[in-house]
Structures are given as structure tokens and as C-alpha cells.
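**Q** Below you'll find the structure I mean.
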Amino acid sequence: EAEPALKNYAERLRMSNEKLQRFAYVASHDLHEPLRSIVSFSQLIDRRYRGKLDSDVDEFLGYIAGAGRRMQALILDLLQVSRTRWAPDRLCRPMSGGILADAIRSLKEPLAEAGGTMVVEAMPTVMVDAAQLEQVFTNLIGNAIKYRRPEVPLMITVSAGRHEDWWEFAIADSGIGIESEYYELIFEMFRRLHTQNEYEGTGIGLAIVKKIVERHGGRVWVESMPNRGSTFFFTMPAV
Ligand code: ADP
């Protein structure tokens with residue numbers, strides 16, 4: 001008799017999980033709009049009246065805009081979490097290596113601002129939900145940029161190698177690195193190794209990467225050397 005009870009329980013869990021994700025989606029969506037006003041109007045006041053107001057007011061405006069931007073980043077992350085609930089099966093299509101490489105290269109802009117360079121080797125054709133795979137690269141390359149070492153030029157290499165029915169992607173950076181005891185923990189939701197003052201973040205990015213990769217039947221892991229750099233690996237089914 002234990003089995004039906006267990007099934008029932010699993011079904012209830014699944015339903016409440018779905019409700020929670022729907023809530024996260026609605027809440028983050030509804031928060032996004034008013035926040036946009038806060039950020040854009042504080043920027044507008046700053047542009048129009050900078051220097052004409054008390055220096056206190058300039059300073060306070062800066063706090064408002066900064067807090068607004070941090071909140072926007074958090075909300076975008078929450079939207080990501082709630083969007084990835086859909087199974088990709090229906091959306092999985094062959095994505096050509098050329099298109100994939102172009103999508104990765106288009107992430108170069110913040111990298112150039114940080115004075116870094118990125119080498120994207122030949123990319124393979126994979127069976128994926130293209131939007132989700134791009135999210136994986138956005139999050140991993142975004143981290144490579146964020147966790148760079150200020151004293152060395154940032155270098156990112158994106159490559160892929162075939163292993164039987166899988167393509168193994170590698171994103172290597174020359175950043176601050178990660179101690180081996182944290183290799184697994186960093187993929188947990190909200191898990192961060194830094195204080196908010198050192199690096200801004202929510203601890204959501206890698207949890208999303210893991211979720212998307214596993215939805216595609218692949219796996220993700222990291223190998224790293226503190227003060228040398230990190231390489232994030234993930235697998236995707238070959239066509
Ligand atoms: P966030 O960057 O918002 O903190 P993530 O889930 O993307 O959240 O990453 C979790 C933690 O893993 C980060 O706080 C950071 O400590 C570590 N991390 C992720 N990517 C890198 C990287 N390329 N180099 C060094 N540390 C990293």
C-alpha cells in the first residue's frame with residue numbers, strides 16, 4: 001500500500017513545485033516594470049540635474065540607481081529560473097556549429113569592456129533548445145568575466161570535443177579560480193563563495209546552467225586552480 005501513497009505524495013510535490021515556479025515567474029515579471037521606472041527616472045534626474053543639486057542629493061540618487069540595478073539583476077535571474085521549467089524536448093532542434101559560434105561571439109561586448117579576449121574554436125552541430133544553450137554560454141562567460149583577476153589580462157577559450165555520442169564543451173578562463181572543495185557546491189541554487197561587496201551576484205547562474213544541461217541529458221562540472229583559472233565543462237548530445 002506504500003506505493004500509491006508515495007505516488008500521491010510525489011504528485012503533490014510536483015504540483016506545489018510548479019505553483020512555486022509560476023509564482024516566481026509572475027512575481028518577477030510584475031516587479032520588473034515598476035523597477036524599470038525607478039531605475040530610469042533616477043538616471044534621468046541624474047543626467048539632467050547633476051551638479052545643480054546638493055551633493056547629498058547626487059549621492060542619494062546614486063544609491064537609488066545602484067540598488068535598482070542590483071535588484072534588476074536579481075529579478076532577471078529569477079525570471080531565468082522560472083522560465084527553465086519547460087521541458088526542452090519539443091524545442092530541441094539541430095543547431096549548426098556556425099550559428100552556435102556566432103551566438104557565443106556575440107557575447108564579446110562586456111568582455112572587450114573588461115579588456116579581455118576570447119577564442120571560440122570550431123563548434124559542432126548539437127540537438128538543443130537554442131535559447132537555453134545560449135543561456136548556458138551567457139552565464140558561464142559572464143562568470144568568467146566577473147571572476148577575473150585584475151592583475152592579468154583575461155583570456156577565455158571556448159572549445160568542443162567529441163566523446164562517442166556526446167560533445168564535450170569547455171569554457172576556460174584565466175580568473176581567480178575555485179578551491180576543489182567547492183567544485184560541487186557552486187552548482188547549488190543561491191550558493192556563492194563571495195560576499196556581495198566583493199562581487200555582485202545571486203548564486204543562481206550556475207544552478208540554471210546545471211538545470212538546462214541536465215534537461216538535455218548532459219552533465220556539467222568544473223576543474224580549477226586557485227589563482228590560475230577555471231574550466232567549466234558540459235556535455236550535449238551529438239546529432
Ligand atoms: P553568482 O555569480 O551570482 O554568485 P553563480 O551560480 O553563477 O552565482 O556562481 C556561484 C559561485 O561560483 C560564484 O559566487 C563564484 O564564487 C563561483 N564561480 C562561478 N564561476 C566562476 C569562475 N569562472 N571563476 C571563479 N569562480 C566562479
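The values are calculated or read from the model by the stated rules, or taken from the named source; none is laboratory data. The structure displayed is predicted, hence computed values, not measured ones. Reconstructed Cβ throughout: ideal geometry from the backbone, glycine too, with neighbour counts over all protein chains shown. Surface accessibility is based on the protein's heavy atoms, side chains included, excluding ligands, DNA and RNA. Shrake-Rupley method; radii C 1.70, N 1.55, O 1.52, S 1.80 Å.
**Q** Kindly provide the set of residues from the range 209-227 that are more than 15 Å from residue 147 (Cα to Cα) and within 8 Å of the ligand (Cβ to nearest atom), ordered by number.
**A** Matches in the range 209-227: 209 only.
**Q** Scan the range 122-141 and tell me whether some residue there is closer than 21 Å to residue 227 by Cβ and within 19 Å of the chain's Cα centre (by Cα).
**A** Residues of the range 122-141 that are closer than 21 Å to residue 227 by Cβ, as a first pass: 140-141.
Checking the rest, the ones that are also within 19 Å of the chain's Cα centre (by Cα) come to 140-141.
Yes, because at least one residue in the range 122-141 is closer than 21 Å to residue 227 by Cβ and within 19 Å of the chain's Cα centre (by Cα).
**Q** Something else about it: Tell me which residues, restricted to the range 173-195, are open to solvent by less than 50 Å² (accessible area, probe 1.4 Å), more than 6 Å from the ligand (Cβ to nearest atom) and farther than 12 Å from residue 231 by Cα.
**A** 187
**Q** I'm checking my understanding of the structure. Among residues of the range 196-208 that are within 7 Å of the ligand (Cβ to nearest atom) and β-branched (Val, Ile, Thr), which one is modelled with the lowest pLDDT?
**A** Quick first cut of the range 196-208, residues within 7 Å of the ligand (Cβ to nearest atom) only: 199, 201-207.
Next cut, β-branched (Val, Ile, Thr) only: 202, 204.
Details: 202: 82, 204: 88.
Restricting to residues being within 7 Å of the ligand (Cβ to nearest atom) and β-branched (Val, Ile, Thr), the top hit is 202.
**Q** If you don't mind, there's one more thing I want to ask. Select the helices (runs of 4 or more DSSP H) contained entirely in the range 1-114, then report the ones holding at least 2 residues which are touching a helix residue (DSSP H, G or I) at 6+ places or on another chain (Cβ under 7 Å), among the β-branched types (Val, Ile, Thr) and surrounded by 12 or more Cβ atoms within 10 Å (Cβ to Cβ). Give the steps one after another, and end with the answer.
**A** Numbers: elements: 2-49, 55-83, 97-105, 108-113.
Per the criteria, 2-49, 55-83.
**Q** Follow-up question, since we're still on this one. Scan the range 141-153 residue by residue and report those that are near the ligand (Cβ under 7 Å from one of its atoms) and in a helix (DSSP H, G or I).
**A** The initial filter retains those residues of the range 141-153 that are near the ligand (Cβ under 7 Å from one of its atoms), namely 143-144, 146-147.
Matches in the range 141-153: 143, 144, 146.
**Q** Any idea how many residues of the range 46-85 are in contact (Cβ under 8 Å) with a residue 60 or more places away in the chain and either among the hydrophobic types (A, V, I, L, M, F, W, C) or at positive phi (or both)?
**A** So the first thing to find is which residues in the range 46-85 are in contact (Cβ under 8 Å) with a residue 60 or more places away in the chain, and the list is 70, 73-74, 77-78, 80-82, 84-85.
Filter again for either among the hydrophobic types (A, V, I, L, M, F, W, C) or at positive phi (or both), leaving 73-74, 78, 81.
Going through the range 46-85 one residue at a time, the tally reaches 4.
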